[in-house]
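Here the structure comes first, spelled out in structure tokens, and everything after it is commentary.
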Amino acid sequence: MKKFAVLVTSIMMAVSMVGCGGTTSTPTTSSEPEQKATTEATQQEQTDPETKDLVIYCPHPLEFIEPLVSEFETQTGISVEVVAAGTGELLKRVESEQGNPLGDIFWGGSLSTMKPQQDLFENYQSINEEYVYDNMKNVEGPLTRFTNIPSVIMVNTDLIGDIKIEGYEDLLNPELKGKIAHCDPSKSSSSYEHLINMLYAMGNGNPEDGWDYVEKLCENLDGKLLSGSSAVYKGVADGEYTVGLTFEEGGAKYVADGAPVKLVYMKEGVISKPDGVYIIKDAKNMANAKKFIDFVTGKDAQTIIIEQLNRRSVRKDVPAPAGLEKLENINLIYDDEELVVEKKQEWLDKFKDIFTSAQ
């Protein structure tokens, strides 16, 4: 049985090292794209120094990382080290290591968070791009889409009582003051996606009109702002908070496991966006990084994602996960991606000022 190393870290210091046992599975018969990937990888190895290592920076929960990394190790024989931390911390790490990167892959982070930083990553087109939905293709060069993730509200059904939760407006109920789990959007891409979502949803399509709602929400947070996205869904599932602003997969796992929680798709509107997987510029294990991109966007890995990990695939030939709300039943709304990229730091600073003033 293979094992991959998981290093849980912060930008300032390593916190702990834990071994995470990989699962084994019978390799499936290679499809035509996978055979093509093998051929291209072999050609790449003729020009790049051959290694058997890969370092992945990843904000995903460890229970999400483990099945996919273990399968990748089994199929390729490559030894993977995962550095796990928040998206913001890991991006700072990549920035500080420019010219001498210690990581090869950045796996996770929403497009809204990563687009402004795309110069930190290598251009690479996965061999699976032809199977990806047209609106989720990598047209920029460095930004390979990985899964499609709606923002949701997670509710603890044991604690909510008769309080109605159908959308953002309901989070302003005074009975929920101090009982709402929300993460610092400067540290979590899923929290930043919620900020974008509420600005557009509560501003009726004009994000500048959504700040009045943000001010009211910050007052109801009662000075509580969490430092990582996992603290949100874990806090709700464990009964520490009554409701939380999170992403679909973060809560869906607890629903599937029978925890006393449910997911609410905001009636005012839900933005569903892909996150991605990216090769760090000048990666030392470049050939292996490309193999990983091709693996996680392949049909086998994307099937694991929908069958075991409660996420939506970006591939046209992989069905929606069982048990999740159909997209056609959700009030989907859309942002202006160029504006979101342009305004990112301004919006983060404004949120910080509002939250600080509300305490």
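Using a 10 angstrom Cβ neighbour count of at most 16 plus a DSSP loop assignment to flag exposed chymotrypsin sites (Phe, Trp or Tyr not before Pro), which longest range of the chain is free of such sites? Show your work: numbers first, answer last.
On the way: sites that count: TYR133, TYR334.
Looking at the chain, 134-333 is the longest stretch - no exposed chymotrypsin sites (Phe, Trp or Tyr not before Pro) with at most 16 other Cβ atoms within 10 Å.
Cross-link check: pairs LYS234/LYS299; LYS281/LYS352; LYS115/LYS177; LYS137/LYS234; LYS299/LYS343; LYS115/LYS284 evaluated at a Cα-Cα cut-off of 28 Å; pairs beyond the cut-off: LYS234/LYS299; LYS281/LYS352; LYS115/LYS177; LYS137/LYS234; LYS299/LYS343. Accessible area per residue for the chain, computed on protein heavy atoms with a 1.4 Å probe, is 44 Å².
When the Cα atoms of the range 111-188 are aligned to their principal axes, the ranges along those axes come out at 50, 27, 19 Å in descending order.
Mind checking the alpha-carbon convex hull of the range 266-343 and giving the volume per residue in Å³?
So the per-residue Cα hull volume is 135 Å³.
The range 141-266: D in µm²/s via Stokes-Einstein (Kirkwood Rh, Cα pairs, 10 °C, 1.306 mPa s)? The partial results should precede the final answer.
Details: Rh = 14.6 Å.
Here the translational diffusion coefficient equals 108 µm²/s.
Of the listed peptides 75-81, 193-199, what is their order by residue-averaged count of other C-beta atoms within 10 Å, with the highest listed first?
Ranked from most to least packed, the peptides come out as 193-199, 75-81.
Solvent-accessible area of the chain (1.4 angstrom probe, protein heavy atoms only): carbon and sulfur portion equals 47 percent.
Grab the eigenvalues of the alpha-carbon gyration tensor for the range 232-309, scale each by 5, take roots, and send me the semi-axes largest first in whole angstrom. Before the final figure, lay out the partial values.
On the way: eigenvalues 200, 43, 37 Å².
Over the Cα atoms of the range 232-309, the semi-axes work out to 32, 15, 14 Å.
Computed packing ranks the peptides 158-164, 173-179 as 173-179, 158-164, most packed first, by mean other Cβ atoms within 10 Å. Residue-normalised convex hull volume from the C-alpha trace of the range 171-239: 83 Å³ per residue.
Restricting attention to the range 277-333, which trypsin sites (Lys or Arg not before Pro) occupy a DSSP loop and are surrounded by at most 15 other Cβ atoms within 10 Å? Provide the component values of the computation, followed by the final result.
Details: sites: LYS281, LYS284, LYS290, LYS291, LYS299, ARG311, ARG312, ARG315, LYS316, LYS326; in loops: LYS281, LYS284, ARG311, LYS316, LYS326.
For trypsin sites (Lys or Arg not before Pro) across the range 277-333 that sit outside H, G, I, E and B with at most 15 neighbouring Cβ atoms in 10 Å, the list reads LYS316, LYS326.
Suppose the Debye formula is applied to equal point scatterers at every Cα of the range 93-142; what is log10 I(q)/I(0) at q = 0.14, 0.21, 0.23, 0.25 Å⁻¹? With one equal scatterer per Cα and no solvent, log10 I(q)/I(0) is -0.41, -0.86, -0.99, -1.12. Converting the Cα gyration tensor eigenvalues of the chain into ellipsoid dimensions via √(5λ) gives semi-axes, longest first, of 34, 21, 20 Å. Taken over the range 61-113, the alpha-carbon convex hull comes to 98 cubic angstrom per residue.
The values are calculated or read from the model by the stated rules, or taken from the named source; none is laboratory data. Since we're looking at a predicted model, the values are computed, not measured. Virtual Cβ from ideal backbone geometry, glycine too; neighbours counted across all protein chains shown. These area figures cover heavy atoms from the full protein model, side chains too; ligands, DNA and RNA do not enter into them. Shrake-Rupley method; radii C 1.70, N 1.55, O 1.52, S 1.80 Å.
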